[in-house]
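Notes follow once the structure below has been shown.
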Protein chains: 2
Amino acid sequence: MSDELLRALDQAGVRLTGPRREIAALIARRNGHFTAADLIADANKRRLGVGRATIFRLLDLLAEQGLVERVDLPDGRHAYVPCEPSHHHHLVCVACGAIAEVEDCGIDAVTAEASRRSGFTIESHRLELFGRCPNCRSAN
Amino acid sequence: MSDELLRALDQAGVRLTGPRREIAALIARRNGHFTAADLIADANKRRLGVGRATIFRLLDLLAEQGLVERVDLPDGRHAYVPCEPSHHHHLVCVACGAIAEVEDCGIDAVTAEASRRSGFTIESHRLELFGRCPNCRSAN
DNA sequence: GAGGACTTGATACTGGGTCTCATTGTGTGC
DNA sequence: GCACACAATGAGACCCAGTATCAAGTCCTC
């Protein structure tokens with residue numbers, strides 16, 4: 001999985017440096033969403049010696065390539081989720097942080113309707129869904 | 001319009017103090033979205049002498065009452081929009097910042113579909129639409 | 001290998017937002 | 001009306017995420 005990230009970066013013409021490999025591994029071993037602060041804490045715990053700036057820079061790079069996406073949690077914090085580069089939306093489990101991706105599930109009809117009613121031309125949208133994953137739902 | 005805000009606050013059992021009236025007036029005279037920084041700048045320009053903290057506190061209060069909502073702009077910044085307390089979504093004009101509200105326009109079908117596919121129970125969602133309002137569209 | 005461009009870490013900085021606390025102002029009960 | 005309890009205030013310190021800068025180090029190509 002960290003291989004996937006690295007391969008994609010390589011294809012994008014980005015250098016595969018030591019710090020980048022290590023951060024990619026950190027991302028790979030997290031499942032679900034994570035914040036930049038999580039990665040920074042992980043890196044410190046493992047004494048990787050990578051700087052904060054490097055982590056933010058890599059996240060930017062990954063976001064540019066669509067390998068990671070920023071989502072806004074319901075509490076207003078920012079998180080990142082590793083994902084496929086195609087357009088899609090995220091389901092975030094509010095209990096455990098697990099992420100599922102859903103592709104086109106009728107949102108175009110919604111934007112078209114909103115556009116018709118308001119007279120706006122819609123250029124982009126952001127949809128985030130929050131709830132409980134199957135595991136967390138059965139856990140209580 | 002600032003009267004509306006004040007009336008709603010009054011009904012919610014919060015005190016109608018001088019600073020709150022002044023900030024409500026600032027919000028009322030902005031149309032479309034604004035950031036906390038905008039309000040702070042307005043307050044400084046008019047020498048209102050209200051503190052930053054007071055402005056943030058009032059925004060929190062208004063958000064709690066559903067009179068104002070936080071939206072995340074495409075560039076990642078936070079903005080607030082004055083709005084009705086009912087559930088709805090926002091259309092944000094990326095050119096001039098104008099806001100339109102749209103109520104239920106089929107999003108429930110989307111969340112139901114996403115839930116069916118993923119097995120998640122969906123508790124809440126956030127949908128933001130970005131585009132150009134009729135004025136800005138015809139302006140170029 | 002050598003070399004130049006890209007990348008890095010340290011550090012300072014910025015901007016949004018929160019916390020604290022002594023002081024002030026509000027609304028209620030009388 | 002008035003006094004009083006308590007909510008609200010402003011100032012300023014503080015915190016945190018993210019950015020900018022820059023000298024030093026690393027990678028990849030040739």
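The values are calculated or read from the model by the stated rules, or taken from the named source; none is laboratory data. Since this is a predicted model, take the numbers as computed values, not measurements. For neighbour counting, all protein chains shown are included, and Cβ atoms are generated from backbone atoms with ideal geometry for every residue, glycine included. Ligands, DNA and RNA are excluded from the accessible area calculation, which covers all protein heavy atoms including side chains. Shrake-Rupley method; radii C 1.70, N 1.55, O 1.52, S 1.80 Å.
In the range B:86-140, the convex hull through the Cα atoms has an average projected area of 4.8 nm², a quarter of its surface area. The mean of 1/r over all distinct Cα pairs in the range B:14-69, once inverted, gives the Kirkwood hydrodynamic radius of 11.3 Å.
Using a 10 Å cut-off around each Cβ of peptide B:130-138, what is the average number of partner chain Cβ atoms that fall inside?
Going residue by residue through B:130-138 and averaging, the value is 4.
Taking a ≥ b ≥ c as the square roots of the eigenvalues of the Cα gyration tensor of the range A:44-101, is the shape rounded (a/c under 1.5), prolate (a/b larger than b/c) or oblate? Because a/c hits 1.5 or more and a/b fails to exceed b/c, the range A:44-101 counts as oblate. Taking every residue in B:90-98 and counting other chain Cβ atoms within 10 Å of its Cβ, the average works out to 2. Of all DSSP-defined beta bridges confined to chain A, some 70% are antiparallel rather than parallel. Taking only the Cα atoms of the protein assembly as shown, the ratio Rg/Rh comes out at 1.01, with Rh defined as the Kirkwood radius.
Summed over both chains, the accessible area lost when A and B associate is about 3200 Å², using a 1.4 Å probe. Adding -39500 (n - 2.57) for every DSSP H run of four residues or longer, then dividing by how many residues chain A holds, sets the calculated 222 nm ellipticity at -13000 deg cm²/dmol. Calculation over all alpha carbon pairs of chain B in 10 angstrom steps from 0 returns a P(r) of 10, 36, 32, 17, 5, 0 percent. Think of chain B as having a plus end and a minus end, set by charges on the Cβ of Lys, Arg, Asp and Glu; of B:Ala25, B:Leu9, B:Asn135, B:Ala25 sits farthest toward the positive end of this dipole. The antiparallel fraction among DSSP beta bridges confined to the range A:86-140 stands at about 50%. Residue by residue along A:74-81, Cβ atoms of other protein chains within 10 Å of the local Cβ number 1 on average. Over all other residues within a Cβ to Cβ distance under 15 Å of B:Gly76, the charged ones net out to -2, with Lys and Arg as +1 and Asp and Glu as -1.
Most simply put, the protein assembly as shown has about 80% antiparallel DSSP beta bridges, counting only bridges with both residues inside it.
So what is the relative contact order of chain B, in percent, for Cα pairs below 8 Å that sit 6 or more residues apart?
Normalised by residue count, the contact order of chain B is 19 percent.
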